[in-house]
Every structure is written in structure tokens, then in C-alpha cells.
Amino acid sequence: MLCAKPITLVDIDAIRPNEEVYAEQVDWLVDKIADEKIWRIPLTLDKDSLSIMDGHHRRTAALRLRLKRIPCLLLDYHEVDFISTHPSMQVTPLLVREFSLQGRLFPPKSTRHVFYGPLPTCNISLSLLRG
């Protein structure tokens, strides 16, 4: 069960994005997280490459909030269903890892990861993530 997996605090500089983000979504998240002063939803990362499965907008919000670490759930690709939603190319988990390692970005929402069961939630103070 995914909700029983541990949440790991990962250095923000180690997390590898692979998709661009929508600026207005990031703006909304920055305001929401700053108002609540709590981080509630972990990013999901490929445990081997630290490539983002889900959470590009939250990672960008964390950068703007000057967080040093982000709560993350480290997963294998066999624990999720992967769907390519890129309009003109078939994206695979291997290609996602390659883009991440090369610093290349797909357009926003080019992939979708479907998780089996609920993900764990967290309520971690932003002050703990800044230090």
C-alpha cells in the first residue's frame, strides 16, 4: 500500500524535473502553501533517478518559497501506471528518466502517473523545510 510507504525529505537540488509548468498554477500553490505554512502533499519520485513522477508545480512552488528540502515518496515504475499524454510523441518511463538526467523538459502535463491506492499525506511545517 502506498499510504504505508515512508515519506522522505529530499534535497530540492537533487530532484530532477522533466516537465515544464503552468505559471498560474505555481502562483496559486505558492499562495496556498505560504498561507497554510504547512506542506501537505509529497512529491512522487522515481527512486533510482529522483525524476519527478507527480509534483512539478509543487517543486517549482517550493523553489519560490526557498525550501531546501521537500517531502517525497520514492517509488519504482512498477508501482504505478504510466500514461503518455504528449500530443506528438510516445513518452516512456525510460525517456522521462533520460530527459530528467539531461535537464530537458517536456511540455506541461505530457505524462500521467496513476497510483494504486491513496498516497500518504503529511503536515510538515515550512520552517522545518527551510532549514
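The values are calculated or read from the model by the stated rules, or taken from the named source; none is laboratory data. All figures in this text were calculated on a predicted structure; none of them were measured in a lab. All Cβ positions, even for glycine, are placed from backbone atoms using ideal geometry, and neighbour counts span all protein chains on display. Just the protein is used for accessible areas: all its heavy atoms, side chains included, with ligands, DNA and RNA removed. Shrake-Rupley method; radii C 1.70, N 1.55, O 1.52, S 1.80 Å.
Okay, which of the range 29-58 sit inside 19 Å, backbone N to the point 7 Å along the Cα-Cβ direction of Cys3? The answer is 40-44. Between 0 and 90 degrees, the angle of helix 93-102 with respect to the longest Cα principal axis of the chain falls at about 60 degrees. Shown are Met89, Met53, whose ranking by accessible area with a 1.4 Å probe and every protein chain present, most to least, is Met89, Met53. Note on the chain: with a GNM built from Cα contacts shorter than 10 Å, the maximum mean-square fluctuation among Thr85, Thr111, Thr44 falls on Thr85.
The fraction of accessible area contributed by carbon and sulfur in the chain is 54 percent, rounded to a whole number (1.4 Å probe; ligands and nucleic acids excluded). Mean-square fluctuations from a GNM of the chain, with a 10 angstrom spring cutoff on Cα atoms, peak among Asp27, Asp35, Asp46 at Asp35. Considering only beta bridges that DSSP places wholly inside the chain, some 70 percent are antiparallel. Taking label positions 7 Å along the Cα-Cβ direction at both Lys37 and His86, the computed distance is 4.3 nm, reported to one decimal.
To the nearest ten degrees, helix 23-36 and the longest principal axis of the Cα atoms of the chain are 30 degrees apart.
A cut-off under 10 angstrom between Cβ atoms defines the neighbours of Ile70, and their net charge, with Lys, Arg +1 and Asp, Glu -1, is +3. Normalised by the number of residues in the chain, the average gap of Cα pairs under 8 Å and 6 or more apart makes the relative contact order 39 percent.
The Cα center of the range 1-60 and the Cα center of the range 91-131 differ in position by 6 Å. Taking all protein chains as shown and a probe of 1.4 angstrom, Phe99 keeps an accessible surface of around 20 Å². Taking the helices alone, the chain has a mean residue ellipticity at 222 nm of -8500 deg cm²/dmol, built from -39,500 (n - 2.57) per DSSP H run of at least 4 residues and averaged over all its residues.
Taking the solvent-accessible surface of protein heavy atoms with a 1.4 Å probe, what is the per residue accessible area of the chain in Å²?
54 Å²
A value for Cα extents along the principal axes in Å was derived from the coordinates, and within the list (i) 40, 33, 22; (ii) 48, 34, 25; (iii) 40, 37, 30 it appears as (i). Sparse packing (at most 14 other Cβ atoms within 10 Å of the Cβ) combined with a DSSP loop state is found for the following chymotrypsin sites (Phe, Trp or Tyr not before Pro) in the range 1-62: Tyr22.
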